[in-house]
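**Student:** Let me give you the structure first, and then I'll get to my questions.
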Amino acid sequence: MAKKSFDIQINTAWCKGCEVCVAICPKKVLEMSDKPAPSGYFTAVVKRQADCIGCMECELHCPDLAIEVKSKKEEVKSDAKGG
Amino acid sequence: MIETLKKYIRPDVFPTPFCPGCGHGILMQALLRAIDELKLDIDKMVFLSGIGCAAWIPSPHFAADTMHTTHGRPITFATGIKLVNPKLKVVVISGDGDLSAIGGNHLIHAARRNIEMTVICANNSIYGMTGGQVAPTTPTGAKSATTPQGNPERDFDLCKLVKGAGADYVARGTVYHMRELIKYLKTALQHKGFSFVDVISPCYTQFGRRNQNTCGGSASSAIMNLKTAVSKTPQDGEILTGEF
Ligand code: SF4
Ligand code: SF4
Ligand code: SF4
């Protein structure tokens with residue numbers, strides 16, 4: 001069986017760089033950006049997507065609904081754009 | 001944006017007005033997920049709030065009827081709405097200061113009268129929006145703008161208070177323990193009669209930065225610290241969670 005893979009999308013227009021997702025991810029998939037987004041905030045960035053186990057903890061705890069985890073299969077079917 | 005929750009929100013008003021890492025945003029998500037998991041029709045729901053940071057959770061974010069009322073009074077407006085249109089699912093979501101101090105009488109009497117509504121308290125232990133003053137929910141010893149040496153008084157246990165006033169569904173969760181919290185919110189929303197959920201929702205801006213001994217040095221640490229701050233059989237200073 002192929003290893004499940006996930007796509008993590010961060011809506012940089014909504015992310016306020018609170019670091020909750022970075023702190024809660026058990027696999028250290030996420031980090032904080034060292035450059036500000038157009039919003040002025042230093043947002044979260046996906047650094048090690050291949051390590052993601054799809055536990056959804058980051059998505060569930062984002063206070064700004066700015067992060068979404070999709071399983072890759074679903075992503076192919078949907079035509080939704082990130083954010 | 002989270003695709004499944006899109007239909008319940010007004011995307012054009014995002015990002016939220018909350019400070020980065022405010023627990024209230026996480027509570028907002030928990031409530032939307034509870035509604036989604038129960039497949040409730042948000043058009044048949046009304047969300048009421050009073051004044052304060054937490055009062056911004058439903059309005060303007062939810063694509064539903066919302067009422068941003070006067071300070072402490074959302075339960076009175078909710079009572080009126082329920083009487084006029086009993087078919088509507090009425091949800092009050094507001095802060096601890098709003099619900100338990102300024103509107104404390106409304107809270108206990110709505111519980112006593114068993115008026116069918118769900119009251120969700122976004123409890124951050126302080127008056128956030130007005131400048132970090134001590135609240136009836138501020139723990140003994142905790143620092144606030146008005147108790148710089150530590151709060152000399154006892155705090156309210158809101159679950160005990162509401163239970164004592166007669167509510168038959170009362171629960172306490174935290175924004176760290178999301179799956180549990182969503183479960184409590186779902187039970188409360190389905191409950192016939194008055195239901196109450198006390199939600200521990202950290203405010204780093206006004207509470208956490210003054211109480212780094214318990215909250216750590218950042219908004220994210222205040223949320224992560226909840227992981228070990230709760231218990232079903234609490235010892236000193238721990239928070240009791242569960243259904244009561
Ligand atoms: S939890 Fe949300 S708002 Fe906070 S840094 Fe992560 S994506 Fe941004
Ligand atoms: S889904 Fe889990 S493992 Fe993947 S990035 Fe989010 S928190 Fe980390
Ligand atoms: S002051 Fe506190 S409660 Fe209000 S938005 Fe900021 S962190 Fe949240």
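**Student:** Looking at the range A:6-71, what % of the alpha carbon pairs are farther apart than 17 Å?
**Tutor:** 29 percent
**Student:** Now a separate question. Could you compute how much accessible surface A:Val46 exposes when probed at 1.4 Å, giving the result in Å² to the nearest 10?
**Tutor:** For A:Val46, the solvent-accessible surface is approximately 50 Å².
**Student:** For the range B:1-82, give the percent of accessible area contributed by carbon and sulfur heavy atoms, probe 1.4 Å, rounded to a whole number.
**Tutor:** 59 percent
**Student:** Separate question: Once both labels are modelled 7 Å past Cα along the beta-carbon direction, what's the A:Lys27-B:Glu153 spacing in nm?
**Tutor:** Roughly 4.9 nm, to one decimal.
**Student:** Sum -39500 (n - 2.57) across every DSSP H segment of at least 4 residues in chain B, then divide by the residue count to get the 222 nm mean residue ellipticity, nearest 500.
**Tutor:** -8000 deg cm²/dmol
**Student:** Would you mind calculating the gained length between B:Asp65 and B:Thr140 on full extension (0.36 nm times residue separation, minus the Cα-Cα distance), in nm to one decimal?
**Tutor:** Stretched fully, the B:Asp65-B:Thr140 segment lengthens by 23.2 nm.
**Student:** Any idea of the accessible area per residue across chain B, 1.4 Å probe, to the nearest Å²?
**Tutor:** In whole numbers, chain B has 41 Å² accessible per residue.
**Student:** Still on this structure, please answer the following. With the cut-off at 29 Å, tell me which of the pairs A:Lys73/B:Lys39; A:Lys16/B:Lys6; A:Lys35/B:Lys7; A:Lys73/B:Lys7; A:Lys16/B:Lys44; A:Lys28/A:Lys70 have Cα atoms farther apart than that.
**Tutor:** Long pairs (Cα-Cα over 29 Å): A:Lys35/B:Lys7; A:Lys16/B:Lys44.
**Student:** Under 5 Å between amide H atoms, partner at least 5 residues away or on a different chain: which partners does B:Gly95 have, H built in plane at 1.01 Å?
**Tutor:** B:Gly50, B:Ala54, B:Ala55, B:Ala122
**Student:** In addition: To one decimal place, what Kirkwood hydrodynamic radius in Å is obtained for the protein assembly as shown from all pairs of distinct Cα atoms?
**Tutor:** 20.1 Å
**Student:** Where the centroid of each part is defined by its Cα atoms, how far is the range A:1-48 from the range B:155-221 in Å?
**Tutor:** Spelled out, the Cα-based centre of one part sits 27 Å from the other.
**Student:** Count, for each residue of A:8-16, the Cβ atoms from other chains sitting within 10 Å of its Cβ, then give me the mean as a whole number.
**Tutor:** 3
**Student:** Something else now. Which part of the range B:113-132 falls in the paramagnetic zone of B:Asp168, meaning amide N under 14 Å from the point 7 Å along Cα-to-beta-carbon?
**Tutor:** Zone members listed by number: B:113-117.
**Student:** Further question: If the reach is capped at under 21 angstrom between alpha carbons, list the lysines near B:Lys160, excluding any in the same chain fewer than eight residues apart.
**Tutor:** B:Lys183, B:Lys186, B:Lys192, B:Lys232
**Student:** Which value in nm describes the separation of the simple spin-label points at B:Glu37 and B:His109, placed 7 Å from the Cα toward the beta carbon?
**Tutor:** With each label point 7 Å from Cα toward Cβ, the separation is 3.5 nm.
**Student:** Threshold 10 Å², probe 1.4 Å: give the residues of the range B:196-244, in number order, that are less accessible with all protein chains present than with their chain alone.
**Tutor:** B:Ser220, B:Ile223, B:Met224
**Student:** Over all alpha-carbon pairs of the range B:146-244, lay out the pair-distance distribution in 10 Å bins, whole %, shortest bin first.
**Tutor:** The calculated distribution, bin by bin, is 15, 40, 34, 11, 0.
**Student:** Could I ask something else about it? For the pairing of chain B with chain A, what total accessible surface becomes buried, with a 1.4 angstrom probe, in square angstrom to the nearest 100?
**Tutor:** 2200 Å²
**Student:** Sticking with this one: Would you kindly find the accessible area of B:Thr140, with a 1.4 Å probe and non-protein molecules such as ligands, DNA and RNA excluded, rounding to the nearest 10 Å²?
**Tutor:** Only protein atoms counted, so the area is about 80 Å².
**Student:** Please report the equivalent ellipsoid semi-axes of chain B, computed as sqrt(5 x eigenvalue) of the Cα gyration tensor, largest first, in whole Å.
**Tutor:** So the three semi-axes of chain B are 26, 20, 17 Å.
**Student:** Trypsin sites (Lys or Arg not before Pro), restricted to the range B:167-244: which are DSSP loop and have at most 14 other Cβ atoms within 10 Å?
**Tutor:** B:Lys192, B:Lys232
**Student:** Right, another one. Counting only the backbone N, which residues of the range A:1-24 are under 19 Å from the spot 7 Å out from the Cα of A:Lys72 toward its beta-carbon?
**Tutor:** Zone members listed by number: A:1-10.
**Student:** List the trypsin sites (Lys or Arg not before Pro) in the range B:14-56 that DSSP assigns to loop (not H, G, I, E or B) and whose Cβ has at most 14 other Cβ atoms within 10 Å. Which are they?
**Tutor:** Qualifying residues, ordered by number: B:Lys39.
**Student:** Using a Gaussian network model of chain B with C-alpha springs under 10 Å, which one of B:Ser125, B:Ser221, B:Ser231 is most mobile by mean-square fluctuation?
**Tutor:** Judging by the Gaussian network model, the answer is B:Ser231.
The values are calculated or read from the model by the stated rules, or taken from the named source; none is laboratory data. Remember, it's a predicted structure, so these values are computed and weren't measured experimentally. Note that each Cβ is placed from the backbone with ideal geometry, even for glycine, and that neighbours are counted across all protein chains shown. Remember, those area values only see protein heavy atoms, side chains included, never the ligands or the DNA or RNA. Shrake-Rupley method; radii C 1.70, N 1.55, O 1.52, S 1.80 Å.
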